[in-house]
Amino acid sequence: MPARWPHQVGRIPLRAGSFQERAEAVRLAGVLEGGGTAVVGPAGGVRAGGVLTGLGGVGKTQLAADYARSAWSGGELDVLVWITAASAEAVAAGFAQAGTEVLGAEREGAAEAFLAWLEPKAEERPCRWLVVLDDVGDPDDLRGGWPPQSPHGRTLVTTRRRDAALSGGGRRLVEVGVFTADEALAYLTEALAARDRHEPEGELRALAADLGHLPLALSQAAAYLIDAGISVTDYRALLADRTRPLADTALAVLPDDQTHAVSAAWALSIERADALHPVGLAAPMLRLAAFLDANGIPETVLTSTPARAHLAPTRALPAPKRSRRWWARLMRSTAATTATEPVSAVTEADAVAALRVLHRLGLITHDPETPHQAVRVHQLLQRAVRDTLDPIPHASAAADALLAVWPDIETDIALAQALRANTTALSGHALDLLHRPVAHPVLSKAGNSLGFSGQAAAARDHFQHLVESATNHLGPDHPDTFDARSDLAYWQWQARDLVGAVAAYEELLADQLRVLGPDHPDTLNTRGSLALSRGAAGDVVGAVAAHEELLADQLRVHGPDHPYTRIALLNLATGRAQARDVAGAVAAYGELLADQLRVLGPDHPDTLNTRGIFLFWRAQDGDAAGAVTAYEELLADQLRVLGPDHPDTLDTRNVLAFWRGWAGDAAGAAAAFEELRADQLRVLGPDHPDTLDSRDGLAMWRGRAGDVEGAVTAYEELLADQLRVLGPDHPDTLYTRNELAAWREELEDTDDE
């Protein structure tokens with residue numbers, strides 16, 4: 001016998017404790033009520049289906065249940081059907097149950113009868129219905145089973161999937177993300193207050209951030225805090241303990257009718273992803289991403305040659321059916337299944353396809369429109385994956401992948417920042433592994449990238465940490481520890497701690513002499529760095545003598561054409577320049593240039609660089625016009641060989657602009673600096689030392705060209721940025737302050753006239 005209306009089929013999940021009203025609920029209501037996103041048909045007012053999609057644990061089911069409960073209790077519905085739609089069989093059974101209860105149909109054919117009954121019919125009394133299909137695992141499970149569009153009916157689907165098939169036929173996707181910071185704070189505050197627990201707001205916000213604002217994780221954390229009777233501080237320490245699996249931070253009995261702890265909430269999605277084409281690549285791709293930056297991984301890292309080589313041995317054909325326990329085996333194993341196919345090369349297209357599969361299953365967000373942060377993964381999903389792995393091969397592969405795409409010359413600021421952020425994340429997860437058996441070069445690459453981007457103090461701090469780590473993991477006398485100490489000394493020097501740099505080089509040299517001996521290349525190179533730092537610190541006479549002694553030893557050990565010998569000659573020339581011995585510097589640079597032309601050829605970057613330095617010192621005799629011509633020729637060669645965005649090319653443009661000004665063309669110099677600044681902002685960024693330096697040239701030549709007010713404005717803007725970036729006591733900041741005062745005085749004199 002048909003049921004009388006109103007009638008409910010299936011059970012709506014209980015409302016979670018401390019349920020939060022969210023913006024997604026408003027968007028969902030707009031979709032289902034036709035508010036701006038409804039599909040309007042010929043009859044008008046036809047309601048589209050709404051699809052709530054998002055990562056497991058973000059609260060999709062609770063949002064759907066809240067909507068259904070509100071519509072039901074508000075008298076908006078005659079028939080409400082809630083189906084837990086985890087499989088095609090479950091969907092069919094749910095519709096059959098609805099057909100049996102609502103229509104009084106026989107079980108056989110009841111599902112088809114119910115779907116047909118939902119079709120709007122002009123001659124029948126309209127039925128206001130809502131069908132909720134919760135936790136759809138595969139769009140194919142709904143093939144032939146989508147409720148029809150109707151002016152009186154609504155369909156709501158929750159799923160972790162993002163397949164295009166879900167949004168066809170007028171259905172609208174509503175992305176559900178994690179809580180906002182304020183929603184997460186409100187949830188924790190209310191959940192704990194319900195048990196008379198009150199914790200400092202700062203600690204609660206920090207805990208919410210630790211958990212990535214994931215609703216499921218917040219719920220289980222609150223329950224743990226209440227049942228275990230521990231403080232938020234202690235729970236955060238428990239969570240931060242990387243020797244303890246994430247599963248240990250959840251209770252055996254979960255709150256709010258939850259069936260899975262956070263650590264296992266994504267198991268089925270990963271299993272399904274790994275079974276899709278390209279078979280067997282999704283899970284290993286997720287393992288690799290688990291060691292990188294949750295907030296954005298460049299796509300090129302995950303499609304690089306090392307990444308694809310890491311994926312290749314894991315290709316497999318999954319067995320057709322698996323238990324939930326396969327999650328652990330899937331994540332731990334190097335071969336995902338026992339039914340394997342011959343290993344084949346993984347192409348770049350395969351790797352991208354694996355990312356798209358993970359995106360479709362809601363396990364990552366893959367946005368090719370933001371290539372340097374194309375892949376995002378929730379931090380707790382990363383933790384859950386890492387908990388089940390032997391981390392060594394994955395951490396090593398991630399480091400290799402980062403290094404493979406890291407350009408030798410950084411001309412893309414966003415890419416360099418993303419690579420540094422991913423290296424920081426990788427170090428946080430597996431720093432000790434990156435020192436087995438030696439220090440991975442990506443660690444020093446990240447530090448030097450920081451420094452050469454203009455962040456000398458940050459680079460110094462990076463290498464201080466790296467020295468400590470290398471000492472702990474490799475020992476104080478390991479070559480990689482020595483290398484880290486050398487880098488630390490260099491960035492101390494660049495951060496203007498000249499005394500500290502000299503002391504650091506002296507200590508390093510003493511240890512290298514003891515361990516490596518006097519003729520080891522690293523020992524000899526440290527002698528050169530020590531001499532340079534001494535010269536920068538003011539001991540120019542001692543520095544030149546040290547360079548001369550080192551050059552003699554390099555000639556003895558390596559011969560005249562070895563790169564280390566040429567470096568020693570370059571350092572000698574630099575030492576003479578520090579001592580203001582212009583004739584000596586020109587002679588040394590000229591000798592070095594002749595050797596490079598003979599050994600390396602005229603187009604080698606080192607030859608071109610030495611040409612620029614040689615021209616600078618040769619121009620000190622006052623031939624500004626000749627310097628302009630020579631630098632124009634050099635610039636033409638650098639543009640041809642290195643390209644317009646190479647730092648050496650940009651540096652030559654900077655020097656050429658200065659010499660144009662000194663040759664009498666102040667307006668041309670100012671114009672050249674304007675063009676250079678635009679390119680430096682694009683390539684190097686606003687805070688790079690070279691960008692700040694060219695801005696000084698722009699300000700000066702504006703003033704010398706007669707635009708005194710423009711010079712004052714430019715110096716004021718430059719001083720503000722130098723105070724922010726370099727600090728008040730940096731020599732460049734002090735120089736700009738003096739120049740600004742002089743040009744302000746010039747402006748006042750002009751106004752008086």
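The values are calculated or read from the model by the stated rules, or taken from the named source; none is laboratory data. Being a predicted model, the structure only gives us computed values, none of them experimental. Heads up, the Cβs are rebuilt from the backbone with ideal geometry, glycines too, and the neighbour counts pull from every protein chain shown.
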Looking only at residues in the range 386-411 that are modelled with pLDDT under 90 and in contact with a Leu (Cβ under 7 Å, 6 or more places away or on another chain), which one is farthest from Pro245 (Cα to Cα)?
Ile392
Output for the range 94-109, where each listed residue is part of a helix (DSSP H, G or I) and touching a residue at least 12 places away in the same chain (Cβ under 8 Å):
Gly94, Phe95, Ala96, Gln97, Ala98, Gly99, Glu101, Val102, Leu103
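Checking the condition assigned by TED's automatic domain parsing to the domain that holds Leu592, touching a Lys or Arg at 6+ places or on another chain (Cβ under 9 Å) and among the acidic types (Asp, Glu), which residue from Asp519, Asp539 passes? Write out each step before concluding.
Values: Asp539 fails: touching a Lys or Arg at 6+ places or on another chain (Cβ under 9 Å).
Going through Asp519, Asp539 in turn, just one is assigned by TED's automatic domain parsing to the domain that holds Leu592, touching a Lys or Arg at 6+ places or on another chain (Cβ under 9 Å) and among the acidic types (Asp, Glu): Asp519.
Restricting attention to the range 437-472, which residues are more than 28 Å from Gly727 (Cβ to Cβ), surrounded by fewer than 19 Cβ atoms within 10 Å (Cβ to Cβ) and touching a residue at least 12 places away in the same chain (Cβ under 8 Å)?
Scanning the range 437-472 gives Val438, Pro441.
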Of the residues in the range 503-530 that are acidic (Asp, Glu) and assigned to a helix (DSSP H, G or I), the one that is surrounded by the fewest Cβ atoms within 10 Å (Cβ to Cβ) is Glu507
Would you please name the residue that is surrounded by the most Cβ atoms within 10 Å (Cβ to Cβ), looking only at residues in the range 168-193 that are of a type outside the set (A, V, I, L, M, F, W, C), in contact (Cβ under 8 Å) with a residue 40 or more places away in the chain and not in a loop (DSSP other than H, G, I, E, B)?
Tyr187
Just a yes or no: is a residue in the range 559-572 over 20 Å from Asp651 (Cβ atoms), free of Cβ contacts under 8 Å to residues at least 24 places away in the same chain and part of a helix (DSSP H, G or I)?
yes
Quick one: is Gly706 in the same structural domain as Trp662 (by TED's automatic domain parsing) and in a loop (DSSP other than H, G, I, E, B)?
yes
Listed residues Thr750, Thr736; which is part of a helix (DSSP H, G or I), out of contact with any strand residue (DSSP E or B) (no Cβ under 8 Å at 6 or more places or on another chain), among the β-branched types (Val, Ile, Thr) and under 25 Å from Ala457 (Cα atoms)?
Thr736
Going residue by residue through the range 329-351, is there one that turns out to be among the β-branched types (Val, Ile, Thr), modelled with pLDDT of 55 or more, surrounded by fewer than 17 Cβ atoms within 10 Å (Cβ to Cβ) and part of a loop (DSSP other than H, G, I, E, B)?
yes
Scan the range 110-120 and tell me whether some residue there is assigned to a helix (DSSP H, G or I), in contact (Cβ under 8 Å) with a residue 40 or more places away in the chain and in the same structural domain as Tyr67 (by TED's automatic domain parsing).
no
Which number in (1) surrounded by 18 or more Cβ atoms within 10 Å (Cβ to Cβ); (2) farther than 20 Å from Leu509 by Cα marks the one condition that Arg598 misses?
(1)
Which ones in the range 474-502 are closer than 20 Å to Asp539 by Cα and either basic (Lys, Arg) or not in a helix (DSSP H, G or I) (or both)?
Ala495, Arg496, Asp497
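Which residue is surrounded by the most Cβ atoms within 10 Å (Cβ to Cβ), if the candidates are limited to the range 125-167 and must be among the charged types (D, E, K, R) and assigned to a loop (DSSP other than H, G, I, E, B)? Full working, then the answer.
Filtering the range 125-167 down to residues among the charged types (D, E, K, R) leaves 125, 128, 134-135, 138, 140-141, 143, 154, 160-163.
Filter again for assigned to a loop (DSSP other than H, G, I, E, B), leaving 125, 128, 138, 143, 160-163.
Details: Arg125: 7, Arg128: 18, Asp138: 18, Arg143: 11, Arg160: 26, Arg161: 20, Arg162: 20, Asp163: 18.
Restricting to residues being among the charged types (D, E, K, R) and assigned to a loop (DSSP other than H, G, I, E, B), the top hit is Arg160.
Examine the range 280-296 for a residue that is at negative phi and at pLDDT below 85, and state whether such a residue exists. Before you say what the answer is, go through the steps one by one.
Here is the first cut: in the range 280-296, the residues at negative phi are 281-295.
Filter again for at pLDDT below 85, leaving none.
Looking for residues that are at negative phi and at pLDDT below 85, one finds none in the range 280-296, hence no.
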Every residue from the range 156-198 that is charged (D, E, K, R) and over 30 Å from Gly145 (Cα atoms):
Asp182, Glu183, Glu190, Arg195, Asp196, Arg197
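In the range 362-419, which residues are in a strand (DSSP E or B) and of a type in the set (A, V, I, L, M)?
Keep residues of the range 362-419 that are in a strand (DSSP E or B), which gives 365-366, 375-376.
Val375 - this is the single residue of the range 362-419 that is in a strand (DSSP E or B) and of a type in the set (A, V, I, L, M).
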So which residues in the range 552-562 are surrounded by 14 or more Cβ atoms within 10 Å (Cβ to Cβ) and either charged (D, E, K, R) or within 44 Å of the chain's Cα centre (by Cα) (or both), if there are any at all?
Asp553, Gln554, His558, His562
